[in-house]
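Bear in mind these aren't lab numbers, they're just calculated from the coordinates by the rules spelled out. Just so we're clear, the structure is a prediction, and the values are computed from it rather than from any experiment. Glycine gets a Cβ as well: all are built from the backbone with ideal geometry, and neighbour counts include every protein chain shown.
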Amino acid sequence: MSLVQPSLSSDGTKRTFSERQEFMTEDMPASMHFHVVAGGARLFKSLPDGRRQIIGFAHKGDVLPAYPCVRYHYSAEAMRTLQVVCVPAPYMSHLHETSPGACAASLSSARQLLVSLHARLLMLGRQTARERLATFLLGQGTRMGPGELWPVDPAISRADMADFLGLTTETVSRLLSAFHREQLICRERRAIHILDPDRLRAIVAHPE
């Protein structure tokens, strides 16, 4: 979801949202873009009967939505205290029209979203529960780039993971405990830290 635009922080209005406060609503006019500067957000789609499905998570540096659009294609809410810079849509459109760098960043974000969609379809259609969780942990650990491992955002609950991965909360809890026993991960201050990314990758590449 990232759209790297350092100037956004100085060209918008800073706002803070509390835990579970919705700041983007699906199908509403996309009048504003939100550059996450602190905290994290939960992204989801809703059904007419009130049910919803988590489709992703946003972290520091991400821009929501990452590209100009007429209406929001999904909803977003704060997972905990969230700080964003609100950038008016006309300014973002102007930026894309006048800045080759902004246009390239938007195309890169669209490409990343497409790749993520393909990976998610594969995950839900073919991967086992163990593979799904390993894939998710690796994705979270390398979300800021492949050169450094980051802990899983502690605001992402087991229920959130289960919803996103198409599993039950009980299955996620059982697998996290198994990964902990196998010394693939450890828990520190509610955050999940990856200890052995190579073995997690092996789970994805060579399922048991």
Cα Rg, Dmax (largest Cα-Cα span) when computed across the chain, Å: 17.6, 53
Using θ = phi - 60° and Karplus 6.51 cos²θ - 1.76 cosθ + 1.60, couplings along the stretch 159-165 (whole Hz; Gly, Pro as x): 5, 4, 4, 4, 4, 5, 8
Surrounding net charge for CYS186, when Lys and Arg each add one and Asp and Glu each subtract one, Cβ distance under 14 Å: +2
Table column - 3J(HN,Hα) (Hz), the stretch 170-180, Karplus curve with 6.51, -1.76, 1.60, x for Gly and Pro: 4, 5, 4, 4, 5, 5, 4, 5, 5, 4, 5
Cα gyration tensor, the stretch 127-205 - rounded (a/c under 1.5), prolate or oblate: rounded
Separation of alpha-carbon centers, the stretch 155-208 and the stretch 78-139, rounded to whole Å: 22
Rg over Rh, two decimals, the stretch 6-120 (C-alpha only, Kirkwood Rh): 0.95
Computed Kirkwood radius, in angstrom, where 1/r is averaged over Cα pairs of the stretch 86-157: 14.8
5 angstrom amide H check on ILE185, placed H, neighbours 5+ away: HIS180, LEU195
Neighbourhood charge, 14 Å Cβ-Cβ cut-off, centred on VAL36 and excluding it, Lys, Arg +1 and Asp, Glu -1: +3
Cβ-based net charge around MET79, under 13 Å, with every Lys or Arg adding one and every Asp or Glu removing one: -2
